[in-house]
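Novice: Sending over a structure as structure tokens; questions will come in a sec.
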Amino acid sequence: MSRVEGRGGHRGTATVVRTEASGDPAYAPAGRFDVVVAGGGTAGSVAAIAAARNGARTLLVEEQGFLGGTATGALVTPLMPNRLGQTNLNRGITDEIKARLATMGGGGATPENDGWFDPEALKAVLEEMALEAGVQLLYYTRVIEALVETADGGPRQVTGVLVHNKSGLQRIRARVVVDATGDADVAASAGCEMRSGGEQGERQAFSVRWIAGGVDVPKLARFVESLGGQPWPAPYFEAAMVWGRGHVLEDVFRRAVEAGDLLEADGEYFQCFSVPGRADALAFNCPRIARRVDGTSAEDLTWAQIEGRRAIRRLVAFVRKYLPGCEGAYVQQVAPMVGVRESRRIVGDYVLTLDDIVTGRKFQDAVARNRYPVDIHLVRDGGRGGGGLVLGSGRPPEGDFHEIPYRCLLPRGVEGLLVAGRSVSATFEAQSAIRIQPNCHSLGQAAGTAAALAAARGVTPRGLDAALLRQILREQGAYV
């Protein structure tokens, strides 16, 4: 005998979910799929594309009205570099995304990062690729719970998800579910073991990013160069400031703080980039939110959005007054999503560690390669105090990379579920090195491909032959 249950969200309270046959009018059946991907962000959009391209009937559930997640909703416009020499370690679908962005004038190569893009262009590219692959999209829909079937004496099996949207509550059944929510919402609902933050209560800071229009970017670039800043090949430009790091804008920030135009905290992290296709725009990777940074807390997310908008008003006034070229700057867009760097992480069949990174460890079931370093925007005291920036304190040996095993995508003790993106199984330090967008693309492609293969073969993701998965990924352009 089996039972179908949903675990009550993030608190772990078990609640019974009746089957369709029960006639409960509160739940409307919404169909069956080979693969359901929860979350259409950086990893989830690629996972859905990969699953559909591998023949799976695929549904992608996304709570916003667009794809891209943090990249498009939180305005994280640069793709951080993950290279060995001049060779990108992330290949496959991520190459295709970058090529399509470049073709439409919404992205391109940069000397500093792996690419830059206009968030609106990326929304269009991801949606186009998903539809071309045959993905069924369901926007404005939030996953409420995992549907979990427990056979007598057997393991828990995720058999679908319960969702809510304007049509009401709906059950969606799937052979395999991919949790790409970023916060491991499905895995948490299914009762999977979780970790969050560091061993001493450390958490990474949030960001509330924004885009300014009305900027004379060449004039600003000349000003920064006059202070000793690095020249950039037009139309690309970037600038940054962190207290005590020797940035050329530090004296400018200090004058603004002394004049009362900025707070000391505004100089803890400041960064801006030009935007391809928008000649008068700058995308800002700030303000940095260093208090109340639990990405699974609605209260903390609300506070961060409010505090972020307040800080943006200060920053707009600052750039107009102190940075030549920004005299006519205005707020073109404030990110509708808080930029969350880490929250929940699953405990999987393997937990990636800092030692794996610094020793360049390889795995027989590897599905991605990484050389990006430890990159922690540190907040101490459980997210209630100050913090710093820890960058480059751990990376593979010179001329080497480490791998991410498929087992990091498999939540321990649960079948029928894969996790992709920043919430895969890793320690706090290791997660900070693998959370960048190109790696999330690779993890998404691996998860979507594995889900499709498992569904087609009638096995669980854990029962899938990792050698077969790696072979298919290679055939489809991935670098594994």
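Novice: What accessible area per residue comes out for the chain, rounded to a whole number of Å², with a 1.4 Å probe?
Specialist: 38 Å²
Novice: Sticking with this one: Give the cross-link partners of K219 among the lysines, using a straight C-alpha distance below 29 Å as the criterion and excluding same-chain residues fewer than 8 apart.
Specialist: Filter leaves K98, K321.
Novice: Output ³J(HN,Hα) for segment 183-188: one whole-Hz value per residue in order, computed from phi by the Karplus curve 6.51 cos²θ - 1.76 cosθ + 1.60 with θ = phi - 60°, and x for Gly and Pro.
Specialist: My calculation for segment 183-188 gives 10, 6, 5, 5, 4, 5 Hz in order.
Novice: Accessible area of the chain with a 1.4 Å probe: how many percent of it is carbon plus sulfur?
Specialist: The computed percentage sits at 49.
Novice: Among 242-255, 272-285, what's the highest-first ranking by average C-beta atoms within 10 angstrom per residue?
Specialist: Sorting 242-255, 272-285 by mean packing, highest first, produces 272-285, 242-255.
Novice: Then there is this: For the chain, report the convex hull volume of the alpha-carbon atoms normalised per residue, in Å³, without decimals.
Specialist: Roughly 138 Å³ of hull volume per residue.
Novice: I've got another one for you. Would you mind listing how long segment 36-164 runs along its three principal axes, going by Cα atoms, in whole Å with the largest first?
Specialist: Result for segment 36-164: principal-axis Cα extents of 57, 32, 27 Å.
Novice: Among 354-361, 219-226, how do they line up from the highest to the lowest mean number of other beta-carbon atoms within 10 Å?
Specialist: So the peptides 354-361, 219-226, ranked by packing, come out 354-361, 219-226.
Novice: By what distance, in whole Å, do the Cα atoms of segment 385-480 stretch along each of the three principal axes, largest value first?
Specialist: 49, 33, 18
Novice: Here's something else I'd like to know. So what is the orientation-averaged projected area of segment 405-445, using the convex hull of its C-alpha atoms, in nm²?
Specialist: Value for segment 405-445: 2.9 nm².
Novice: State the percent of C-alpha pairs, over all pairs in segment 256-408, separated by a distance greater than 27 angstrom.
Specialist: 42 percent
Novice: Moving on. Please compute the Kirkwood hydrodynamic radius of segment 181-255 from all pairs of different C-alpha atoms, in Å with one decimal.
Specialist: 16.6 Å
Novice: At 222 nm, what helix-only mean residue ellipticity would the chain give, in deg cm²/dmol to the nearest 500, using -39500 (n - 2.57) for each DSSP H run of four or more?
Specialist: So the calculated ellipticity at 222 nm is -8500 deg cm²/dmol.
Novice: Still on this structure, I have one more. Compute the relative contact order of segment 182-292 as a whole-number percentage, counting only Cα pairs closer than 8 Å that sit 6 or more residues apart in sequence.
Specialist: 35 percent
Novice: Hey, can you grab everything whose amide H is under 5 Å from the amide H of G108? Only 5+ residues off in sequence or another chain; H modelled, so Pro and N-termini drop out.
Specialist: Residues meeting the criterion, in which the H sits 1.01 Å from N, are W116.
Novice: Please report the relative contact order for the chain, taking Cα pairs under 8 Å with a sequence separation of at least 6, and give it as a percent rounded to a whole number.
Specialist: 22 percent
Novice: Right, next: Take peptides 181-187, 77-83 and line them up by average Cβ neighbours within 10 Å, highest first, as a rough protection proxy.
Specialist: In descending order of packing, they fall as 181-187, 77-83.
Novice: Using the Karplus curve 6.51 cos²θ - 1.76 cosθ + 1.60 with θ = phi - 60°, what ³J(HN,Hα) values do you get for each residue of segment 54-64, in whole Hz, with x for Gly and Pro?
Specialist: Karplus values, whole Hz, x for Gly and Pro: 8, x, 7, 6, 10, 10, 10, 9, 9, 7, 8.
Novice: Expressed as a whole number of Å, what is the distance separating the alpha-carbon centroids of segment 402-455 and segment 41-79?
Specialist: Taking the Cα centre of segment 402-455 as reference, the centre of segment 41-79 is 14 Å away.
Novice: Also: Scan around A190 for amide H atoms under 5 Å from its own, H built in the peptide plane at 1.01 Å from N, and keep only partners 5 or more places away or cross-chain.
Specialist: Those qualifying (amide H under 5 Å, at least 5 residues apart or on another chain) are A146.
Novice: If you line up the Cα atoms of segment 169-299 on their principal axes, what length do they span on each, largest first, in Å?
Specialist: 59, 38, 24
Novice: Non-local amide H neighbours of T159 (under 5 Å, H modeled in plane, Pro and chain starts lacking H): which ones?
Specialist: Amide H neighbours of T159: L147, V148, E149.
Novice: A follow-up question, please. Write down Rg/Rh for segment 296-345, rounded to two decimals, with Rg from the C-alpha atoms and Rh from the Kirkwood relation over Cα pairs.
Specialist: My calculation of the ratio gives 1.11.
The values are calculated or read from the model by the stated rules, or taken from the named source; none is laboratory data. Quantities reported herein were computed from a predicted structural model and do not represent experimental measurements. Because the Cβ atoms are built from the backbone with ideal geometry, glycine has one as well, and the counts that use them run over all protein chains shown. For the accessible areas, the whole protein counts, side chains as well, though only heavy atoms, and no ligand, DNA or RNA atoms are used. Shrake-Rupley method; radii C 1.70, N 1.55, O 1.52, S 1.80 Å.
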